[in-house]
1. Return the loop-located chymotrypsin sites (Phe, Trp or Tyr not before Pro) in segment B:62-132 (DSSP other than H, G, I, E, B) with at most 15 other Cβ atoms within 10 Å of their own Cβ; answer none if there are none.
2. Just add up the charged neighbours of A:Asp165: K/R +1, D/E -1, any other residue whose Cβ is under 13 Å from the Cβ of A:Asp165.
3. Calculate how steeply helix B:158-176 sits against the longest principal axis of the alpha-carbon atoms of chain B, using the helix alpha-carbon long axis, and give the answer as 0 to 90 degrees to the nearest 10.
4. Take B:Cys13, B:Cys78 and order them by how many other Cβ atoms sit within 10 Å, fewest up front.
5. Over all pairs of distinct alpha carbons, what does the Kirkwood formula give as the hydrodynamic radius of segment A:47-169, in Å?
6. Roughly what angle does helix A:3-25 make with the longest principal axis of chain A, taking Cα atoms, 0 to 90 degrees, to the nearest 10?
7. For segment A:78-95, list residues with backbone N below 12 Å from a point placed 7 Å from the Cα of B:Asp38 toward its Cβ?
8. Per-residue mean of other chain beta-carbon atoms within 10 angstrom of the beta-carbon, peptide B:62-71?
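What follows draws every value from the coordinates through simple rules; no lab data is involved. Quantities reported herein were computed from a predicted structural model and do not represent experimental measurements. Every residue, glycine among them, receives a Cβ derived from its backbone with ideal geometry; neighbour counts consider all protein chains shown.
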Amino acid sequence: MDIGKILAAISIMIVVGPLASAVILYRDNVIALIMPDVEDIMEKFEEYFPTVEYADYEIVDPETSFRVLLNMTNNSDDTFTFDIMNFSAYCKEHNTFLGYGYGENLPLTIQPKSSDIFKLLITFTQGGQTDVETFHRGETDFYVILREVTIVVQGITVEVADEMDIGPIEIPA
Amino acid sequence: MNIKLVNWPGLACAVTATTLILLSFLYASPWWQAEVGDDVARANLSPLDYNADLIGTSIEIPILWFINLSCKLAFIACAVAFFVYSLAPRKSYSKNLLNFAYKKPIIIFILFVVMLVVASYIIGNFTGIGVPLYGASALSMSVGGVTANIPISTSFTWVFWLAAATAVLALVAKIYDWKVISPAFPTTPSIQEPRETKAPETKKPETKKSSAKK
């Protein structure tokens, strides 16, 4: 047999062989041959983002600042890193601008299947202090609204237009 | 072995093709890679290997495994054929080996580049997400009240440039054969000599030697 024909046959087998095998192996579900398992990815996607629970608060300076502690749980199999968090805080009841806040212990890397405390430090403005002292002293269910929230996680910057409620916070009398 | 007869670009192509195969088998070395955020998603692509994951989950597309297998077989065949041809380019089968081998790395390389360009174009047009072929950019996505700016960085690895060199060497080997080897050692067409008309056999008288043997 001519060697040219043998080599041509090898060329065809190299291309057709694997593809024909693929079609034969997946003949019952050809779509699975070209589509990844989306359900598996979606399941993992839900696990990927940590769950956040309000844990506690600390008064840093009775006049100017307090700290909110959030318990963050990473349910995924990979580490999760918070790089930046900035926000503006408003009184939920009066919509008064209370002050600025930022993530204090950043960058925070949460190990897989574990939890860590995320600290948010809120520094009051003069107007904010007046609002709290005038209307909320001694309250046990003071709520703060976070706006203009900017979070950088895993190198991705997320800007949240929706408001986030934080509380209840106990204000000393 | 006559050194003048060796097709050096072809031999170099056999070596680089073998290196690509070994890099694939040992390290699954990608030719092109993309990273989204800090390890949020990653894609390592080459015609010989495919590896992609999103948030730590491997994205398996079975057809790509079979395409990779096809390309691996093509590169192995190319390397073997180029090696045999390059050392003996004047053998009767050498031209066939050269024609069998030299197109494969070129076609695979061009198809890979075309696939990347087309995929980037399709993703850009249909989803609005501009994925650069080389360099860094940031995608802006809005879902509900959340806007995400997602950094994407892509790059061609040094293995891509090795593959480019392999494709170029394959082409140079063909040109070298055409311009250098063939003119230096022209193949004379086999001239069929006219058959001599056989004279009727005449019985020769037995020699004394042969008769003595008997």
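1. Details: sites: B:Trp65, B:Phe66, B:Phe75, B:Phe82, B:Phe83, B:Tyr85, B:Tyr93, B:Phe100, B:Tyr102, B:Phe109, B:Phe112, B:Tyr121, B:Phe126; in loops: B:Tyr93.
Qualifying residues, ordered by number: none.
2. Numbers: positive: A:Lys92, A:Arg147; negative: A:Glu93, A:Asp141, A:Asp162, A:Glu163.
Local charge sum for A:Asp165: -2.
3. So the helix axis and the longest Cα principal axis differ by about 30 degrees.
4. Values: B:Cys13 30, B:Cys78 27.
Sorted ascending by nearby Cβ count, the order is B:Cys78, B:Cys13.
5. Working: mean 1/r = 0.0669 Å⁻¹.
Taking the inverse mean of 1/r over all distinct Cα pairs, segment A:47-169 comes out at 14.9 Å.
6. Rounded to the nearest ten degrees, it is 40.
7. Only A:79-85 pass the distance filter.
8. Values: counts 8, 10, 4, 3, 10, 4, 1, 6, 9, 3.
Other-chain Cβ atoms within 10 Å of each residue's Cβ, averaged: 6.
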